[in-house]
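The values are calculated or read from the model by the stated rules, or taken from the named source; none is laboratory data. These numbers were taken from a predicted model, which means no experiment stands behind them. Cβ sites come from the backbone with ideal geometry, for glycine too, and all protein chains shown count toward neighbours. Just the protein is used for accessible areas: all its heavy atoms, side chains included, with ligands, DNA and RNA removed. Shrake-Rupley method; radii C 1.70, N 1.55, O 1.52, S 1.80 Å.
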Amino acid sequence: MSKPAAPLKGRAARLARLMPSTGPSSAARTPFVLLVVLLLGGGLITLLLLNSALNEGSFRLSELKRDTTELTDEQQALQRDVDSRSQPDALEKRARELGMVPGGNPAFLNPDGTVRGKPTEATAPPPSPSPTPSPSASPEADAPAAGPSASGASVGPSGSPSPSGSVPATEPDPAAAPSAENSPPPTSPGR
């Protein structure tokens, strides 16, 4: 059947004397097995929690990227609006709608305090001829025109001030008021 174990020699004999063999002990293995199971279970739970946190962060990141894209598009649209309103033609048109006229010749001061050039007053271009109001026009239409002429300012046929430079105190045109309210204040193109 089985052959008896040969006697151990040398190093193996010394090790055998240090570790007595009392037989297999299941009591010594139970804590080790429990420790390994607890470590594996804790590791799996930790991985699950870490994975959940990463997924949550990934969803938040994609949401923030979407918001950033929308805000960037909005910012570019606003910048296009600013650029289109800052063009010289658009500025000139809005200035004329507000009643501004091009300036005259400027005068400059030299470093020694002398004046170079002769300044001239800015004058409005002659108003374009407009159709004359019919005699059936309401007296309210004539009331604003009478106010400025009573104060000494002359008004042209279209209700705009004469080239004398004085500004009439008339009511604002209701058709022009909404465009002035909706337009943002002018900005310099360098901003």
Write out, first by first residue and then by second, each pair whose Cβ atoms fall under 7 Å of each other, whose residues are 6+ apart or on separate chains, and whose first residue, in the range 96-109, is assigned to a strand (DSSP E or B) while the second is surrounded by 10 or more Cβ atoms within 10 Å (Cβ to Cβ) and of a type in the set (A, V, I, L, M, F, W, C). LEU109/VAL115
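From the list LEU78, LEU98, LEU109, LEU34, which residue is open to solvent by 90 Å² or more (accessible area, probe 1.4 Å) and modelled with pLDDT of 95 or more?
Checking each option against the conditions leaves just LEU78.
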